[in-house]
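Only the coordinates and a few stated rules stand behind these numbers; no lab work does. Not measured: the values here are computed from a predicted model. Please note: Cβ atoms are built from the backbone with ideal geometry, for glycine as well, and neighbour counts cover all protein chains shown.
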Amino acid sequence: MSNTGGGHKASADAIKAAFEEKYGNKYEITIVDLWKEHTPHPCSAMPDTYSFLVKNAFLWWFTYTTSNPRLIHVPYLTAVSFIVSDGLNQAFDLYQPDLVVSVHPLMNHIPVRIMEERIKKGSMPPTNFATVVTDFTTCHNTWFCPGATRVFVPTSYCRDLAVQNDMHPEQVVLHGLPIRPVFTRRLPPRPKLRRALGMDTELPAVLLVGGGEGMGALEETVSQLDAKLGDKAQVVVICGRNQKLQKRLRARPQGPGHLKLVVTGFVDNIHEWMGACDAIITKAGPGTIAEALICGLPILLNGNVPCQEEGNIPYVVDNRVGAFETRPAVIASIIRSWLLEGGEGMREEFADMGRRSKALGRPQAVYEIVHDLADLANEPYFDYGPATAALLGDRGRHDLG
Ligand code: UDP
């Protein structure tokens, strides 16, 4: 994985937790940020570079679209693989994996290429490589490396993209996004949960998040919610790694006439916060959307990272599990109509949105993925390309049965 945003790390954690739950200590799972821990500068700065780019919409759009064609990124990644090969070879020597799982779009072509070389040289036994796509719909083509043994995708949209990128349909498996197993556990009754989280037990509650980085117009949204809902509701703001935002929000006026505001930094128990709230306002992050669906929350999307999150907006709107609105004043009006004064019709529609959301959630996907990964860890049938396949005979070929 690599810690760009929060979704890749969350998916890696989900897979590790599900492995441990299902198989105890039969498998040793090591989560590694290959870029940060095993490549030289400037490659090791990739997570910070992402953090910078993604906050500058045009730069991110430009980087994403220019690198999306395979004609561009395949030679580019091949060139990068020469720069990082020493580090990655050391990592493979260190971890000696029985299976390599990537949950990052920039962690497929390079390790697959290096693994192919190692296997050719005999410095690594035949080892499968699986990609678990952590984007929901629209996603970058670097996710799809035909040399990988399997790619696990969350939606049929992604499955089609994989095939368009030359993956054999049988290499592509659709289960859903891997969400942490804690999301399948029963929570304490809501009043008890809310008390434990420092929330009001009665007031309608909305959760406001901006992915792992605390992105988007969160502060302006809080101001508008304060103006339009006053002390009739409570808002929980999860600021992720955005510490400045956390500080500013804590300094806001509270008390009579104002929203009850609960502000936190990055939390490890977001499932509890989702379980304690009635609706969520979030950017169109795939992880957060998939989690909110499992929790049966109506979702108000307030923005998106350009390109890879664009398709998540119609996914939410067309499935009638929420709405998309970027203007904080209108967001506050929608939330007011959802939670406070929508009348009988709106109350029913709000409840239906919650039911549809729950029905769309895939809490079992992580277990299905882990079941398949365990098979891959036990059966080496990595496709090493024609030259190595000839060298290895049958062991080097896909066994897709
Ligand atoms: N997350 C979390 N704690 C926080 C903020 C975010 O665990 O305080 C998790 C969130 O539950 C989700 C992930 O970080 O699993 C964010 O992923 P998403 O795909 O929504 O957005 P990204 O941050 O990757 O752009």
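Over the chain, what is the relative contact order in whole percent, taking alpha-carbon pairs under 8 Å and six or more residues apart?
Relative contact order comes out at 18 percent.
Using +1 on the beta carbon of Lys and Arg, -1 on that of Asp and Glu, and nothing else charged, what's the dipole of segment 92-245 about the Cα centre, debye to 20?
560 debye
Sorted by packing (mean other beta-carbon atoms within 10 Å per residue), highest first, where do 373-380, 127-134, 184-191, 103-110 land?
Answer by packing, highest mean first, reads 127-134, 103-110, 373-380, 184-191.
I'd like the Karplus ³J(HN,Hα) series for segment 55-60: coefficients 6.51, -1.76, 1.60, θ = phi - 60°, whole numbers in Hz, and an x wherever there's a Gly or Pro.
Going residue by residue, I get 8, 10, 3, 5, 4, 5 Hz, with x marking Gly and Pro.
Any idea what the dipole of the chain comes to, in debye rounded to 20, about its Cα centre with Lys/Arg Cβ at +1 and Asp/Glu Cβ at -1?
1000 debye
Give, in nm to one decimal, the length gained when the segment between residue 248 and residue 37 is fully stretched (0.36 nm per residue of separation minus the Cα-Cα distance).
Value of the extension gain: 72.7 nm.
Which of 155, 63, 288 ends up with the largest GNM mean-square fluctuation for the chain, with Cα atoms connected below 10 Å?
Comparing 155, 63, 288 in a Gaussian network model of the chain, the most mobile one is 63.
Of 154, 133, 111, which is farthest towards the positive pole of segment 102-167's charge dipole, taken about the Cα centre with +1 and -1 on the beta-carbons of Lys, Arg and Asp, Glu respectively?
111
With an 8 Å cut-off on Cα pairs and a minimum separation of 6 or more residues, tell me the relative contact order of segment 231-360 in percent.
With pairs under 8 Å counted, the relative contact order is 21 percent.
Put one equal scatterer on each alpha carbon of the chain, apply the Debye formula with no solvent term, and list log10 I(q)/I(0) at q = 0.06, 0.08, 0.09, 0.12 1/Å to two decimals.
For the requested q values the scattering log ratios are -0.25, -0.45, -0.56, -0.94.
Under the rule a/c < 1.5 gives rounded, and otherwise a/b versus b/c splits prolate from oblate, where does segment 1-147 land using the Cα gyration tensor?
Oblate shape, in that a/c is at least 1.5 and b/c is the bigger or equal ratio.
Could you give the dipole magnitude of segment 19-172 about its Cα centre, charging the beta-carbon of Lys and Arg +1 and that of Asp and Glu -1, in debye to the nearest 20?
Around 240 debye, computed over segment 19-172.
Between the helical axis of 365-378 and the dominant principal axis of the chain, each derived from Cα atoms, what acute angle in degrees is found, rounded to the nearest 10?
20 degrees
Could you list the square roots of 5 times each eigenvalue of the Cα gyration tensor of segment 141-266, that is, the equivalent ellipsoid semi-axes, sorted largest first and rounded to whole Å?
With the √(5λ) rule applied to segment 141-266, the semi-axes are 40, 18, 12 Å.
Fewest first, what order do 93, 200 take by the number of other Cβ atoms within 10 Å?
If I rank by nearby Cβ atoms, fewest first, I get 93, 200.
Based on DSSP H runs of at least 4 residues, each adding -39500 (n - 2.57), what is the mean residue ellipticity at 222 nm of the chain after dividing by all its residues, to the nearest 500 deg cm²/dmol?
Result for the chain, helices only: -14500 deg cm²/dmol.
Given H placed on each backbone N at 1.01 Å, which residues far from residue 296 in sequence or on other chains put an amide H within less than 5 Å of it?
Close amide H contacts, sequence-distant or interchain: 358.
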